[in-house]
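Below: the structure, in structure tokens.
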Amino acid sequence: MAVILGIILTLLASLIGSVGTILIKKSYENSAIISLKSLKRNYRFLFGLSIYVGASLITIIALKFGPVSLLYTIAATSYVWVTLFSKVILNEEINKYKTFGIALIILAVLVLSIFG
């Protein structure tokens, strides 16, 4: 049962950390040296960084409940979340190589979760 808690916490941290990554990226969108815009950008950057650090702390707590070899594999789902969020929020393109990479990550997580 403890391993399941570790998996859930790791998935949650992966999702939350991905949001932080997107916020950090978004803070540099249309960056200008105008004071009001740079102030807004800095708040968005600090908020994204805080979310990312919080997700890292959740991952550290999750490591108490399961093996590192399993939980860090599940943490790799953050690449999937970032790619999906970048498509939805940042309007970035997902090409066939990114799709193939996402499929490989999901396959690896499933194989290692079941057989690892």
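The values are calculated or read from the model by the stated rules, or taken from the named source; none is laboratory data. The structure displayed is predicted, hence computed values, not measured ones. With ideal geometry, Cβ positions are generated from the backbone for all residues, glycine too; neighbour counts draw on all protein chains shown. Protein only, heavy atoms only, side chains kept; ligands, DNA and RNA dropped before computing areas. Shrake-Rupley method; radii C 1.70, N 1.55, O 1.52, S 1.80 Å.
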Item to complete: For Lys64, indicate whether it is among the charged types (D, E, K, R) and surrounded by 15 or more Cβ atoms within 10 Å (Cβ to Cβ).
Response: no
Practice prompt. For residues that are open to solvent by less than 30 Å² (accessible area, probe 1.4 Å) and touching an Asp or Glu at 6+ places or on another chain (Cβ under 9 Å), scanning just region 84-116, find the one that is farthest from Gly20 (Cα to Cα).
Written response: Leu90
Worksheet item: Can you pull out the residues in region 60-73 that are of a type in the set (A, V, I, L, M, F, W, C) and at pLDDT 90 or above?
Response: Ile60, Ile61, Ala62, Leu63, Phe65, Val68, Leu71
